[in-house]
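The values are calculated or read from the model by the stated rules, or taken from the named source; none is laboratory data. All of these numbers come straight from a predicted model, not from anything done at the bench. In this analysis, Cβ positions are derived from the backbone assuming ideal geometry, glycine residues included, and neighbour counts consider all displayed protein chains.
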Amino acid sequence: MSETSSVILAGVGGQGILLASNILSRAALLAGHDVKTNEVHGMAQRGGSVVAEIRYGEKVHSPLIEPFAACALGSLEQIEALRYAHVLAPGALAVVSRMRLVPTTVSSGAAKYPDDIGERLARAFPNLRHIDAAAAAEKAGNPRANNLVVLGALSMGLDFPEALWEKAIAECVKAKFVDMNVVAFSLGRRLAS
Amino acid sequence: MQELMSGNEAIARGAWEAGVTFASGYPGTPSTEILENAVQYKADMYCEWAPNEKVAFEAAAGAALAGARSFCTMKHVGLNVAADPLMTLAYVGTAGGFVAVVADDPGMHSSQNEQDTRQYARFAKIPVLEPADAGEAREFMKKAFGISERHRTPVILRSTTRVSHARSLVALAEREEHPPTGFVKDPPRFVPIPAWGRKMRVKVEARLHELRTAAELSDLNRVEMAGNELGIIACGIAYQYVKEVFPEAAVLKLGWSYPFPDATIRDFASKVKRLLVVEELDDFVEEHVRSLGIPCDGRDLVPGIGELSPERLRIVRARMEGRDTEAATMVAEAVDLPGRPPVLCPGCPHRGVFTALGRFDVVVAGDIGCYSLGVMPPLNRMDTILCMGGGVSVAHGIAKSGEKKKVVGMVGDSTFFHSGITGLLDVAVNRSDVVICVVDNRTTAMTGHQDHPGTGRTLMGDDTVAVSIEEMARCCGINRVRTVYPYDIEATVGAFKEELEAPGPSVIVSRAPCPLARKMTLGKPLKVVAEKCRKCGACLRIGCPAIEAADRRPSINTNACVGCGICPQMCKFDAIRLDQEEEERALT
Ligand code: SF4
Ligand code: SF4
């Protein structure tokens, strides 16, 4: 019904979701779209589960995405991908980093990190790219660039040319980090192709 | 020119464009980033963090009385603290424009309650504006100053989490200059002693009448006519959800919701067959619509607890159409996922205090800040939380009630300056036998690390006096004041033991800077030596997210560990140490 595209990014506070969201919304803006995003600030960021929602199209009203309406999901951690799986349209692209961050609820023995996470992801997301983003980030020269690798892989399913992404990255990060981020991003693209 | 901005950035921008010269506030999610962004315009606009919201409000009021355009920022509960000056500034009125920006947190993402700030506008008989996105936030901010000056009234701009923290396109303009006109002595105007206050009281009613007329004519309220089957009155972010879920409905968008534009509401209602009010939190507009004798739906269909979303409005729509109202279910693979609640960071100094306090059977009255997380397992070391500063006064009350257990009050550094000091005076003067622990991490951590009166730095980036918590405590009349280093667990336990045993009140200042704020590590990452570990689980009871465990076998995530040295103090078997290479390097 609506022409608005919605993308959801999930992860853990401190993983750099906000930067990924900035770059994606900047790319949508450069492509000439109306854009709205929603991000999490405050208490939830202290190592809690966080999401960013990015919506773009001709005219966007709500910054929040409805269930089963996102055209792509990127997750920097495995269980966080499942936590927001119900936001993704059935069969749509999911890029999930193989990163496993054990929550304190698991360490304290109150809960269990699912052993079958790989199978669960494969079942929940028929169109899954389960990528080793950490290794790619390492290769790009910064183990924390997991976010850019995932964004790069996700970009394969979004309709913007690569040059526009690079421009968006350049506008969102400090000059001295542009090259590293672009490398991480293109390694991500390669992982997804 | 257009920019992608959050609502909070846009509010700061709007203030600057409106020619504001004074801004004050106290951090609080979701309002914090307004002043953090406002300070980029510091060449034109003075910006400061005040010790609390009451002070921020009063300071901004002072600037407005001197003819400056001024504003203050706070979260919804902050306005409770500032309610005193609010209620009387509504009488006194302003000379320069004055706007109180208050951000509500429906759904309590980062708050202890839900409150609808619009009720305060009605309570104080002043206007409230409700932007629906960042673009409007900027525009409404500018219009708020016009309304304030034209009617000599304070104005509230009410934001909510999804307005403040959502980003959208904002059209930018140049700044208009409104230099302060200077203070003009006029006691009957500015001094509400009873004789003059009674005259002000009458004026407030007359002003409300004028404001109602202005609201009727204002383009902040607009009708988007479509079909006439369904008409929806919507405020704030709820408008966006309505446009998404009811694209065919006629909409009366109230950007200036109080004083209610009765004629506009009546006219709109008369043009549609069915009327629905969609608003977040209280049934503020709906109740009024009903009081006008206009039948409508609202809270009977739209939930008033928690925040709205397009998803929740879909359910409303389904119900209106007599369809099944099932909420979207989680996918099957997501059931039983372990929760990931926020936790104290690796190396957080508060962990040391909670670990030490865990050795005592005491009642702990807590307060608001990162350390509120100490209430959660595995630390479990906080028993009450009420409000900012409540850690001190609640502890006093528990102790004075005759409670058999000893009582500890816990308060953060920023919270101590905010409103812990007055509670401490109560403790000292009325002699309760409590231990007040000020967890001083040299910053206002939870809201993203803002300065406060103890840090020695202003929001404008200048060096300033750093107020000493210890001296402050002594000035309040506390004789036993001491400082501990919270990473030294035994010393911290010892300090608590002595102070709990000593008669009379004491203050323990636990001082170590927040490592996240300084982006610092305290040492090299540690590791668990597998052969030595007996899986006793002691290190897991401090809740450090860098210690991961499977079947009670701990391991340390070296990317996350900041080497604070707390966990080795838990281990009786000396199994946690620097990794071997590091050890050798340290020996040579
Ligand atoms: S931000 Fe600072 S004070 Fe807050 S939990 Fe992290 S380390 Fe502790
Ligand atoms: S030393 Fe221990 S308690 Fe401190 S950050 Fe590292 S793992 Fe956590």
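Assorted remarks:
- Matching residues in the stretch A:12-28 - criterion: being more than 10 Å from chain B (Cβ to nearest Cβ) and in contact (Cβ under 8 Å) with a residue 60 or more places away in the chain: A:15, A:16, A:17, A:19, A:20, A:23, A:24, A:27
- Screening the candidates A:95, A:87, A:60, A:102 for the property of being of a type in the set (A, V, I, L, M), more than 25 Å from residue B:236 (Cβ to Cβ) and within 12 Å of another protein chain (Cβ to nearest Cβ) yields one hit, A:102.
- Residue pairs meeting the criteria (Cβ under 9 Å; at least 6 apart or on separate chains; first outside the structural domain of residue B:490 (by TED's automatic domain parsing), in the stretch B:559-580; second aromatic (Phe, Trp, Tyr) and within 10 Å of ligand 2 (Cβ to nearest atom)): B:564/B:487; B:565/B:487; B:566/B:487; B:569/B:487
- Filtered residues of the stretch B:81-120 (kept if in contact with a Leu (Cβ under 9 Å, 6 or more places away or on another chain) and among the β-branched types (Val, Ile, Thr)): B:92, B:94, B:99, B:101, B:102, B:117
- Residue in the stretch B:330-349 that is in contact with a strand residue (DSSP E or B) (Cβ under 8 Å, 6 or more places away or on another chain) and in contact (Cβ under 8 Å) with a residue 60 or more places away in the chain present: yes
- Whichever residue in the stretch B:435-465 is among the aliphatic types (A, V, I, L, M) and closer than 15 Å to residue B:509 by Cα and, among such residues, is farthest from the other protein chains (Cβ to nearest Cβ): B:435
- Qualifying residue in the stretch A:104-124 (condition: of a type outside the set (D, E, K, R), in contact with a strand residue (DSSP E or B) (Cβ under 7 Å, 6 or more places away or on another chain) and surrounded by 20 or more Cβ atoms within 10 Å (Cβ to Cβ)): yes
- In the condition set (1) within 16 Å of ligand 1 (Cβ to nearest atom); (2) within 14 Å of chain A (Cβ to nearest Cβ), residue B:552 is compliant with all but (1).
Listed here are the residues, each with its yes/no results for (1) of a type in the set (Val, Ile, Thr); (2) within 13 Å of the chain's Cα centre (by Cα); (3) surrounded by fewer than 20 Cβ atoms within 10 Å (Cβ to Cβ).
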residue	(1), (2), (3)
A:36	no, no, no
A:51	yes, yes, no
A:58	no, no, yes
A:68	no, no, yes
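- Looking at A:31, A:89, just one residue is without any contact (Cβ under 8 Å) to a residue 24 or more places away in the chain and farther than 24 Å from residue B:514 by Cβ, and that residue is A:89.
- Taken together, B:432, B:506 contain a single residue that is away from ligand 1 (no atom under 16 Å from the Cβ), touching a residue at least 40 places away in the same chain (Cβ under 8 Å) and in contact with a His (Cβ under 7 Å, 6 or more places away or on another chain), which is B:432.
- Qualifying residue in the stretch B:352-365 (condition: within 16 Å of ligand 1 (Cβ to nearest atom) and at the interface with chain A (Cβ under 9 Å from one of its Cβ atoms)): no
- Test: residue in the stretch B:560-583 that is more than 16 Å from ligand 1 (Cβ to nearest atom), of a type in the set (Asp, Glu) and within 14 Å of chain A (Cβ to nearest Cβ): no
- Listed here are the helices (runs of 4 or more DSSP H) enclosed by the stretch B:180-275 that have at least 3 residues being more than 14 Å from every other protein chain (Cβ to nearest Cβ) and closer than 24 Å to residue B:20 by Cβ: B:194-217.
- Here residue B:372 clears all of (1) within 16 Å of ligand 1 (Cβ to nearest atom); (2) touching a helix residue (DSSP H, G or I) at 6+ places or on another chain (Cβ under 7 Å); (3) polar (S, T, N, Q) except the condition numbered (2).
- Test: residue in the stretch B:118-141 that is hydroxyl-bearing (Ser, Thr, Tyr) and either surrounded by 13 or more Cβ atoms within 10 Å (Cβ to Cβ) or in contact with a His (Cβ under 6 Å, 6 or more places away or on another chain) (or both): yes
- Helices (runs of 4 or more DSSP H) wholly inside the stretch A:88-193 containing at least 2 residues that are β-branched (Val, Ile, Thr): A:104-107, A:146-155, A:178-192
- Checking each residue in the stretch B:526-549 for being of a type in the set (Gly, Ala, Ser) and within 13 Å of chain A (Cβ to nearest Cβ) picks out B:537, B:538, B:543, B:546, B:549.
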